[in-house]
1. Tell me which residues, restricted to region 105-120, are surrounded by 12 or more Cβ atoms within 10 Å (Cβ to Cβ) and under 20 Å from the mean Cα position of the chain (by Cα).
2. List pairs: first in region 185-197 and closer than 12 Å to Met38 by Cβ, second of a type in the set (D, E, K, R) and surrounded by 13 or more Cβ atoms within 10 Å (Cβ to Cβ), Cβ under 7 Å, 6+ apart or cross-chain?
3. Identify, please: which residue in region 61-76 is in a helix (DSSP H, G or I) and touching a helix residue (DSSP H, G or I) at 6+ places or on another chain (Cβ under 7 Å) and is, among those, farthest from Arg186 (Cα to Cα)?
4. Any residue that is of a type in the set (A, V, I, L, M, F, W, C), surrounded by 19 or more Cβ atoms within 10 Å (Cβ to Cβ) and free of Cβ contacts under 8 Å to residues at least 24 places away in the same chain - is there at least one of those in region 165-184?
5. Between a residue in region 63-88 that is touching a residue at least 40 places away in the same chain (Cβ under 8 Å) and among the β-branched types (Val, Ile, Thr) and any residue that is assigned to a helix (DSSP H, G or I) and buried (at least 18 other Cβ atoms within 10 Å of the Cβ), which pairs come within a Cβ distance under 6 Å, given they are 6 or more apart or on different chains?
6. Could you tell me which numbered condition Val97 fails, if it satisfies all but one of (1) assigned to a strand (DSSP E or B); (2) touching a Ser or Thr at 6+ places or on another chain (Cβ under 6 Å); (3) surrounded by fewer than 18 Cβ atoms within 10 Å (Cβ to Cβ)?
7. Going by the conditions given, is Cys153 within 22 Å of Thr199 (Cβ to Cβ) and crowded, with 19+ Cβ neighbours inside 10 Å?
Amino acid sequence: MNLRTSRKDRIKNVRSRPNGERGVAVVEVAIILPLLAMLVSGIIEFGMAWRDSLTVSSGTRSAARVVSNLGTNRLSDYEALLTLDAALGGLSTSYVVGVLIYDGSAADGAVPPACTDASNNPQSVSGKCNYYTAAMISSISISNFDGLGATSCSATSWDHFYCPTTREIHQDQGLEQIGVWVRVERDWFTHMFPGQGLTVEHQTVMNAEPGS
């Protein structure tokens, strides 16, 4: 064994270690940074989604409260939609897809099966529900509900399928349960995750206020 050669090899190995360690550190950073970015993005995304979900839930309850308080008032749905639109105005990257105001007399207050088609898309059904799209809500006008002074729903009124004036508000006949269902699509804020975003749905059912 050549002691001189062995000593040179040892010196060479010692000198090469820092470069090797730096290489390992670069690899570790390359692995950790994407994971860290995903973790931070997840915290941001789902934190904002939770906040928006609470906003939608609160707005849905407010709309249900209005529609139940107004009972058979001709403009019940109109006022409820205005309330909901105002309540959801603070959503970050979310937008309303549609709203159902429906007969919530089912035991669990569920949306009547007929009010969704085979693809689970909401739809208006006579005597059961009124469906309002995002386009309808964004262009809502009292004229779409037959205007002030109307006492019944015309065939062209947006709420004629489940007309407010036909809802039961007499205690001796059983107060009608009225539901409000809202679907909101939420786009990704950081765009770090696959797909378009999250779908948020909430529904609230309340008894119509008793009247004469």
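1. Correct list: Gly109, Ala110, Val111, Pro112, Cys115, Thr116.
2. Note: pairs meeting the criteria are Thr190/Glu45; Phe193/Glu45.
3. Of all residues in region 61-76, those in a helix (DSSP H, G or I) come to 61-70, 76.
Imposing the further condition that a residue be touching a helix residue (DSSP H, G or I) at 6+ places or on another chain (Cβ under 7 Å) reduces the set to 62-63, 66-67, 70, 76.
Numbers: Ser62: 21, Ala63: 20, Val66: 25, Val67: 26, Leu70: 31, Ser76: 28 Å.
Top of the filtered list is Leu70.
4. No, region 165-184 contains no residue that is of a type in the set (A, V, I, L, M, F, W, C), surrounded by 19 or more Cβ atoms within 10 Å (Cβ to Cβ) and free of Cβ contacts under 8 Å to residues at least 24 places away in the same chain.
5. Taking only residues 6 or more apart or on different chains, the pairs are Val67/Ser76; Val67/Ala80; Thr72/Pro164.
6. The number of the failed condition is (2).
7. Working: within 22 Å of Thr199 (Cβ to Cβ): no; crowded, with 19+ Cβ neighbours inside 10 Å: yes.
Answer is no for this residue.
Yes or no, residue by residue, for (1) of a type outside the set (A, V, I, L, M, F, W, C); (2) part of a loop (DSSP other than H, G, I, E, B):
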| position | (1), (2) |
| --- | --- |
| Tyr131 | yes, no |
| Gly147 | yes, yes |
| Thr156 | yes, yes |
| Asp159 | yes, yes |
| Gly179 | yes, no |
| Val182 | no, no |
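The values are calculated or read from the model by the stated rules, or taken from the named source; none is laboratory data. Remember, it's a predicted structure, so these values are computed and weren't measured experimentally. Glycine also receives a Cβ, built like all others from the backbone with ideal geometry; neighbour counts cover every protein chain displayed.
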